[in-house]
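Here's the structure, in structure tokens; my notes come after.
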Amino acid sequence: MTGRRVVRVPGANGTWWPRLVHGPVPPRPGPQWRLVRVTTAGICGSDLRGLAQAPVHGAADPAGVVPGHEVVGVLADGPGSGERVVVHPLVTCAARDEPLCASCRNGRFGQCDSFWQPTVRWSKSLGFSTDLGGGWADWVWAHRDMVRTLPPDLPDRTAVLAEPLSVAISGVRSVRDHAGDDVVIVGGGTLGLLTVVAVASVLPGSRCFAVVRHDFQADAARALGAEPVRTPADLPGARPRGAEVLIDGPGLAVDAGGTSSSLIAAMRAVRAGGRVLTLGNPDDCTDLSPLWLKGLTLLGHLEHAAEPSPRPPESADSLDEAVRLLGAAPDLGRLLVTHTFATDDVARALAVARARRTHRAIKVILQPPS
Ligand SMILES: [Zn+2]
Ligand SMILES: [Zn+2]
């Protein structure tokens, strides 16, 4: 079996480039692994960062990594062959056919013990692996534990949002005690906008504000039920103290931008004594003064999780819950997926994803030509 795949290849000065190659599909990793024919894959901010940086976290060899962890496809062999699925990207204990570690038993999949080994077989996640493939390809391997069947009437364009929505759901579930509180989300990209969806479901009665940079992001936030603002000082009733630092802002802020400046904006926007949840994986922060000035609590979160006691009709697993919510909103992809490219056209797709303002881009997706 052969197919197309986009791989990371080394460039000058420690940079990396995507290159489309044709070649054999890597061998089946084990008897429980299923071959998935990719039909749609998303481009995530972490893919763009991963292409720019070396090494790739958790990959034994960063060369040859196939990016793409937002994957929708069709089971190509074994039981259920022909079913449309979305793939859980994390290769946790269950997918390794190993006894569950304490993190996996507690449903905290982002902290699975196997990710902390000096060398991680298959890497920690699809999209960062050489031998499992990734979404930016014709084929990918997924353990049977990693596939979720899709409702037949859920189009790929919406189903491809399940992975980032699962990240948002699992994060917002960790701050359920803020139900009814005002929430401010910083970041108008896919993750920020899907956090609006997660807040509406997980925190009933909460008003949601979104700090966004661009008009088209404000329009999308409004369509999802959030009130868009440009800076924390624009929040209703805000009393700025100095440089946009609010004393009486919302009780919960979510950093969905994943940069130093978005985290700072989140800390400035939240009220004194409030809580800040990081969903966007910021690497650094150049100003922590709002944290101690206002006595804030900073809460980190990584990727997907299962909740031990979900509230009916919620699903325990955050990816299952994302599929359930999208099943009730099958048109969401029309709002958030702004650009579609053939996998062969990955260079143009990445250029659009990197210049979001110019192209008014939210989610950019790749589809292998049929
Ligand atoms: Zn992602
Ligand atoms: Zn584990």
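By the scheme Lys and Arg +1, Asp and Glu -1, what is the net charge of all other residues having a beta-carbon under 11 Å from that of Ala266?
Local charge sum for Ala266: +1.
Under a crude label model (7 Å from the Cα following the beta-carbon direction), how far is Gln111 from Arg311 in nanometres?
So the label points at Gln111 and Arg311 sit 2.4 nm apart.
Given a Förster distance of 35 angstrom, what is the FRET efficiency for Trp292 paired with Leu100, based on the Cβ-Cβ distance and rounded to 0.05?
0.40
Note down the accessible area of Ile43, probe 1.4 Å, to the nearest 10 Å².
Around 10 Å² of this residue is reachable by solvent.
How much accessible surface does Leu325 have with a 1.4 Å probe, in Å² rounded to 10?
In the full protein context, Leu325 sits at about 30 Å².
With r defined as the distance between the Cβ atoms of Ala76 and Glu227 and R0 fixed at 35 Å, what FRET efficiency is calculated, to the nearest 0.05?
Values: r = 45 Å, r/R0 = 1.27.
Computed FRET efficiency for Ala76 and Glu227: 0.20.
What does a probe at Arg357 reach in segment 264-294, counting residues whose amide N is under 19 Å from the point 7 Å along Cα→Cβ?
It comes to 264-266, nothing else.
Note down the magnitude of the dipole of segment 175-300 about its Cα centre, charges +1 on Lys and Arg C-beta and -1 on Asp and Glu C-beta and zero elsewhere, to the nearest 20 debye.
240 debye
In what sequence, largest accessible area first, do Thr15, Thr195, Thr149 appear using a 1.4 Å probe?
Details: Thr15 50, Thr195 0, Thr149 80 Å².
In descending accessible area the options line up as Thr149, Thr15, Thr195.
Protein chains only, probe 1.4 Å: how do His359, His214 rank by accessible area, largest first?
From most accessible down to least: His359, His214.
Please give me the summed charge of the neighbours of Trp116: other residues whose Cβ is under 14 Å from its Cβ, Lys and Arg +1, Asp and Glu -1.
+2
With the Cα gyration tensor of the chain giving a ≥ b ≥ c as the square roots of its eigenvalues, does the rule (a/c under 1.5 for rounded; else a/b larger than b/c for prolate; else oblate) give rounded, prolate or oblate?
prolate
If Thr119, Thr39 are ordered by their accessible area, calculated over protein heavy atoms with a 1.4 Å probe, which sequence runs from highest to lowest?
Thr119, Thr39
Compute the length gained on full extension between Met1 and Trp17: take 0.36 nm times their separation in residues and subtract their Cα-Cα distance, giving the result in nm to one decimal.
Values: separation 16, 0.36 × 16 = 5.76 nm, distance 2.52 nm.
Contour length minus the Cα-Cα distance gives 3.2 nm.
Taking the Cβ of Glu83 as the centre, find all other residues whose Cβ is under 13 Å away and add up their charges (Lys, Arg: +1; Asp, Glu: -1).
+4
Between segment 104-147 and segment 264-327, what is the C-alpha centre distance in whole Å?
23 Å
With the Cα gyration tensor of segment 175-300 giving a ≥ b ≥ c as the square roots of its eigenvalues, does the rule (a/c under 1.5 for rounded; else a/b larger than b/c for prolate; else oblate) give rounded, prolate or oblate?
In terms of gyration-tensor shape, rounded.
Tell me, in nm to one decimal, what length is gained between Thr119 and Ala347 on full extension, where the rule is 0.36 nm per residue of separation less the Cα-Cα distance?
79.0 nm
Across segment 253-270, in residue order, what do the Karplus-derived ³J(HN,Hα) couplings come to in whole Hz, using 6.51 cos²θ - 1.76 cosθ + 1.60 with θ = phi - 60° and x for Gly and Pro?
10, 10, 8, 9, x, x, 10, 4, 5, 6, 5, 4, 4, 5, 5, 6, 7, 6
Cα gyration tensor of segment 261-370, axes a ≥ b ≥ c as square roots of the eigenvalues: rounded (a/c below 1.5), prolate (a/b > b/c) or oblate?
Oblate.
Where does the chain land at 222 nm, in deg cm²/dmol rounded to the nearest 500, when only DSSP H runs of n ≥ 4 count, each adding -39500 (n - 2.57), divided by all residues?
-6500 deg cm²/dmol
The values are calculated or read from the model by the stated rules, or taken from the named source; none is laboratory data. Everything numeric in this text was worked out from a predicted model, so none of it was measured. Virtual Cβ from ideal backbone geometry, glycine too; neighbours counted across all protein chains shown. Calculation scope for accessible area: heavy atoms of the full protein, side chains included, ligands and nucleic acids excluded. Shrake-Rupley method; radii C 1.70, N 1.55, O 1.52, S 1.80 Å.
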